[in-house]
Amino acid sequence: MQPKQSVKFSNPDSNVAVCTLWTPLEIVDRHIDSSSYAVIGQLYSKDSGLNTVLRYCLSNKKVRYIVVCGQDRTQSGQALICLREKGVDEKRQVIGVVGAAVDKEIPLAAIGRFRKNVEVIDARGITEYARLKELISNLPKKGSYGKPEVFPEAKIDVPENFPADPVFKVRAATVGEAWLQAISIVMKFGVLKESQHGEKQKEVVCLVAVITGEDVNKISWQPYFTFPKEELDAYYPQVLSDQKIPELSYTYGQRLAGHKGIDQLGRMAEKLVEAPHTRRAIAFTWDVELDTDSKNPPCLSLVQALVQGKRLCLIAYIRSNDVYGSWPKNAFALRKLQQQLCEKTGNKIGELVIISASAHVYERHFRQVAELLHDYPLGKSIGFELPRSTGNLDPRGNIHIETEGGEGGCIKISHLAPDGKRLESFSAKTAEEAARWLILEQKISDVSHALYIGQELMKAELALKKGLKYVQDMPFSCC
């Protein structure tokens with residue numbers, strides 16, 4: 001199961017393996033006889049973890065039963081059950097579960113042998129773990145169903161990382177669009193390094209994502225999400241309420257809405273009503289006493305709300321963000337929190353800003369991420385094209401370009417607000433001079449906007465030199 005420290009081997013002659021899913025194996029193990037099982041372990045993920053279980057069973061064909069118990073937070077248990085009951089489709093995806101697949105290095109025939117000879121017992125409904133002892137002892141003894149089979153590990157083609165400034169910005173209307181961009185950035189620019197979870201990761205420092213338009217009541221649901229809507233709905237209370245989740249030591253919601261009897265989220269709303277200009281509408285998950293030396297400190301550190309022009313902006317700081325495994329659900333939950341604050345304070349919803357100090361993808365997900373980005377390339381998936389003068393992709397406004405005079409004339413630049421109001425003008429003899437002014441005055445924040453303006457400035461300079469008529473966004477025409 002996974003990671004390595006979440007597995008305990010016992011009786012090599014036993015027919016039984018026990019998967020405790022997200023429940024710590026120690027909680028289950030203390031209630032059952034260790035001589036009754038070959039291995040007990042947690043199963044966190046429905047991708048690499050599922051493959052680890054399958055590979056183990058094919059290498060140890062004395063195992064004829066897998067007892068699945070504990071809390072199934074990510075449908076890893078359901079994935080194992082569906083693999084046994086329904087198998088895989090032509091793309092090797094487990095039928096009946098989103099985001100679960102079997103490594104291509106494991107032959108379909110071997111999957112078939114597993115399904116035919118290993119019984120997966122669904123004991124997730126058993127919360128009195130002492131009952132598992134009787135369940136396991138009553139399983140009929142069976143012999144091995146063949147020789148061990150060991151297959152090559154899944155091939156991981158780690159891409160080379162590109163040199164990078166340690167601050168990245170993503171801006172998108174929806175969570176789905178921003179997620180694809182964030183994943184791509186981590187895989188392209190991330191540095192390969194160790195983690196404190198026994199596996200490698202690719203990491204970029206300080207990834208800032210700005211989400212401008214997602215409506216959590218009408219989510220722009222994407223086919224590439226690795227979780228169903230029901231899983232997202234079940235996750236919301238872990239961020240938005242102080243509801244206790246069985247067998248979790250704490251949740252973000254408990255820290256934000258009930259830690260030490262303080263409802264920080266409620267106080268945020270009250271402060272915004274009392275003083276809309278406040279900078280004190282903030283909530284923390286970090287408890288200095290508990291978390292300074294904790295091995296399981298909260299990844300989400302704080303959230304802060306600021307109001308400008310009756311628009312409420314929510315900023316979240318996440319010290320450690322698993323971009324593939326956790327980012328989308330956290331983003332949706334934060335957007336929902338932002339919406340709730342707007343409803344309580346009478347403000348319109350503004351941008352959601354998520355600052356990920358460590359934005360990373362774990363090595364176990366490299367293959368899935370590569371396939372995701374292959375199947376949903378950025379330009380095609382988000383409908384990308386260079387902005388035009390009539391568009392408004394840059395929050396700092398638009399740049400209008402025109403020429404005055406023929407050869408020896410000038411390029412006239414006007415900076416327009418998002419609503420079209422003219423803010424400032426500048427005249428330049430060359431595209432380079434114009435670009436220098438735009439950079440020094442910080443008129444452009446979006447890279448695609450800057451590239452587009454660069455193209456138009458060169459067109460304008462060429463038009464002056466050649467005596468051509470220049471109209472922004474239009475092809476050249478003779479005078």
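The values are calculated or read from the model by the stated rules, or taken from the named source; none is laboratory data. Values in this document were obtained by computation on a predicted structure and should not be read as measured data. As a convention, Cβ positions derive from the backbone with ideal geometry for all residues, glycine included, and neighbour counts pool all protein chains shown. Note: areas computed on protein heavy atoms with side chains; ligands, DNA, RNA excluded. Shrake-Rupley method; radii C 1.70, N 1.55, O 1.52, S 1.80 Å.
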Check your understanding: On average, how much accessible surface per residue is there in the chain, in Å², for a 1.4 Å probe, leaving out ligands, DNA and RNA?
Key -> 49 Å²
Revision key, fill the gap. Per residue convex hull volume, Cα only, the range 108-239, in Å³ is 223 Å³
Exercise for review: Can you check what the Kirkwood hydrodynamic radius comes to for the range 203-264, Cα pairs only, in Å to one decimal?
Suggested key: 14.2 Å
Review point. So what J values fall out for the range 456-473 if you push phi through Karplus, 6.51 cos²θ - 1.76 cosθ + 1.60 with θ = phi - 60°, rounded to Hz, Gly and Pro as x?
Key: 5, 5, 5, 4, 5, 5, 5, 4, 5, 5, 9, x, 9, 7, 10, 9, 3, 6
Study note, to complete from the structure: Once amide hydrogens are built 1.01 Å from N within the peptide plane, the residues lying 5 or more places from residue 71 or on another chain with amide H under 5 Å from its amide H are 22, 23
Check your understanding: For the range 146-246, what relative contact order do you get, as a whole percent, if you take Cα pairs closer than 8 Å and at least 6 residues apart?
Key -> 27 percent
Revision key, fill the gap. If one compares the long axis through the Cα atoms of helix 264-274 with the longest principal axis of the Cα atoms of the chain, the angle in degrees, nearest 10, works out at 30 degrees
Revision key, fill the gap. Under Stokes-Einstein, the range 230-308 at 20 °C and 1.002 mPa s, with its Kirkwood radius over C-alpha pairs, diffuses with a coefficient in µm²/s of 159 µm²/s
Exercise for review: Measure off 7 Å from each Cα along the Cα-to-Cβ vector at residue 210 and residue 127, then give the distance between these two points in nanometres to one decimal.
Suggested key: 4.6 nm
Study note, to complete from the structure: Projected onto their principal axes, the Cα atoms of the range 400-479 stretch, largest extent first, over whole-Å spans of 33, 22, 21
Exercise for review: Could you please put 23, 345 in sequence from largest to smallest accessible area, using a 1.4 Å probe?
Suggested key: 345, 23
Review point. If you stretched the chain out fully between residue 310 and residue 134, how much longer would it get, using 0.36 nm times the residue separation minus the C-alpha to C-alpha distance?
Key: 57.2 nm
Exercise for review: Just list whichever of 116/229; 244/344; 104/155 have alpha carbons separated by over 21 Å in the model shown.
Suggested key: 116/229; 244/344
Review point. Could you name the lysines in cross-link range of residue 459, using Cα to Cα under 26 Å and dropping any fewer than eight places away on the same chain?
Key: 412, 421, 429, 443, 469
Study note, to complete from the structure: Two pseudo-spin positions, 7 Å from Cα along C-beta at residue 247 and at residue 436, lie apart in nanometres by 6.6 nm
**Study point:** Hull volume in cubic angstrom per residue (convex hull over the Cα atoms of the range 5-61)
**Key:** 70 Å³
Review point. How many percent of all Cα-Cα pairs in the range 187-291 sit more than 24 Å apart?
Key: 51 percent
Study note, to complete from the structure: For residue 9 and residue 340, extending 7 Å from Cα along the Cα-Cβ vector and measuring point to point gives, in nm, a value of 4.6 nm
Study note, to complete from the structure: Here the gain from full extension of residue 396 to residue 471, 0.36 nm per residue of separation minus their alpha-carbon distance, amounts to 24.8 nm
**Study point:** Cα-based Rg of the range 1-127 normalised by 2.2 N^0.38 Å, two decimals
**Key:** 0.96
**Study point:** Accessible carbon and sulfur surface of the range 1-107 relative to its total accessible area, %, 1.4 Å
**Key:** 52 percent
Check your understanding: Any idea what log10 I(q)/I(0) is at q = 0.09 Å⁻¹ for the chain, Debye with uniform C-alpha scatterers and no solvent?
Key -> -0.74
Exercise for review: Enumerate the whole-percent occupancy of each 10 Å bin, from 0 to the last occupied one, for all C-alpha pair distances of the range 243-391.
Suggested key: 10, 32, 31, 20, 7, 0
Exercise for review: Show that you can apply the helix-only estimate: for the chain, add -39,500 (n - 2.57) for every DSSP H stretch of four or more residues, divide by all residues, and state [θ] at 222 nm to the nearest 500.
Suggested key: -9500 deg cm²/dmol
Revision key, fill the gap. Here the range 322-339 yields Karplus 3J(HN,Hα) values (6.51, -1.76, 1.60; θ = phi - 60°; whole Hz; Gly and Pro given as x) of 6, 5, 7, x, 10, 4, x, 5, 4, 5, 4, 5, 5, 5, 5, 4, 4, 5
